[in-house]
């Protein structure tokens, strides 16, 4: 009994560290967005990750059977869309709102797993999805038309959910590092092409995908390094957390990233979320935990 409780405590602790690290990554990205385009931040974020994975290959080569290249490509592309949407929102809306949008992905994942993988949801699962979407509406507070931040928030959540769903199939064919490497390589190639095109063509309407390269200066290099390090720490401790205890418990603890993001966002100058937003955040967390527990 004590050993089981200790594993749960370690799992929760590891997820809290992962969530805090993710909030720090988001904060670095938001600060950098004042001087850099979204596409350039995405480029550097993935450059650090690709270098790290390549470094691991010298010690342990890939062990995989392969055979699903198009699904692998899809995961890489849709993951890139999700990341780009997330970083774009970080630059234009409060930190807590951007993170909250991203935390609705488990709700979409449950839907996609039901549609594509034939996983059953059950009555409690459908109730959780309804609660989560109600919370999303309260956070968005649409006034007749969807704002740009709403569109990118939904793209982030839906893209991440599709990526997570595809991983469930891909893990049977590919080394986890290969799946991540393809995703991060997309996050290098597409931004690189975009920055080259942006030297000859710019349009403010497409600022989410276009942006000229600007050489980082001074503290910006430190922020980029911090972004890469904390992104790695987030992935590392998230993986350890899921290895320690049940996914439902760890998944519930992962919503602490919203609390961390509210605190860090206020320190960066964001306003405190409105009462309706707080209620919406609470419903999203509740719905997400219900989905996690059902799994």
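The values are calculated or read from the model by the stated rules, or taken from the named source; none is laboratory data. Only a predicted model underlies this, so the values are computations on that prediction, with no experimental measurement involved. Note that we place each Cβ from the backbone using ideal geometry, even for glycine, and neighbour counts take in every protein chain shown.
Here are the numbers for this structure:
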| item | result |
| --- | --- |
| Residue 211 assigned to a helix (DSSP H, G or I) and surrounded by 18 or more Cβ atoms within 10 Å (Cβ to Cβ) | no |
| Residue selected from region 168-208 under the condition outside any helix (DSSP H, G or I) and under 18 Å from residue 83 (Cα atoms), by the criterion farthest from the chain's Cα centre (by Cα) | 207 |
| Matching residues, region 226-237, being at pLDDT below 90 and surrounded by fewer than 18 Cβ atoms within 10 Å (Cβ to Cβ) | 229, 232, 233, 235, 236 |
| Residue match in region 149-172 (condition: buried (at least 20 other Cβ atoms within 10 Å of the Cβ) and either more than 30 Å from residue 54 (Cα to Cα) or touching a strand residue (DSSP E or B) at 6+ places or on another chain (Cβ under 6 Å) (or both)) | yes |
| Region 118-148, residues that are in contact (Cβ under 8 Å) with a residue 40 or more places away in the chain and either assigned to a loop (DSSP other than H, G, I, E, B) or touching a strand residue (DSSP E or B) at 6+ places or on another chain (Cβ under 7 Å) (or both) | 121, 141 |
| Residue tally, condition in contact (Cβ under 8 Å) with a residue 12 or more places away in the chain and out of contact with any helix residue (DSSP H, G or I) (no Cβ under 9 Å at 6 or more places or on another chain), over region 183-212 | 2 |
| Yes/no for residue 16 being closer than 23 Å to residue 212 by Cβ and touching a residue at least 12 places away in the same chain (Cβ under 8 Å) | no |
| Meets criteria (modelled with pLDDT under 85 and part of a helix (DSSP H, G or I)) for residue 40 | no |
| Top-ranked residue in region 55-71 [being free of Cβ contacts under 8 Å to residues at least 24 places away in the same chain and outside any loop (DSSP other than H, G, I, E, B); ranked as nearest to residue 173 (Cα to Cα)] | 69 |
| Residues located in region 66-77, provided they are farther than 18 Å from residue 43 by Cβ and at pLDDT 85 or above | 67, 68, 69, 70, 71, 72, 73, 74, 75 |
| Selection count, region 100-120, where residues are modelled with pLDDT of 80 or more, more than 14 Å from the chain's Cα centre (by Cα) and more than 12 Å from residue 161 (Cβ to Cβ) | 1 |
| Enumeration of residues in region 238-268 that are modelled with pLDDT under 90 and over 21 Å from residue 128 (Cα atoms) | 238, 239, 240, 241, 242, 243, 244, 245 |
| Selected residue (criterion: surrounded by the most Cβ atoms within 10 Å (Cβ to Cβ)) from residues of region 263-286 that are closer than 21 Å to residue 107 by Cα and within 18 Å of the chain's Cα centre (by Cα) | 284 |
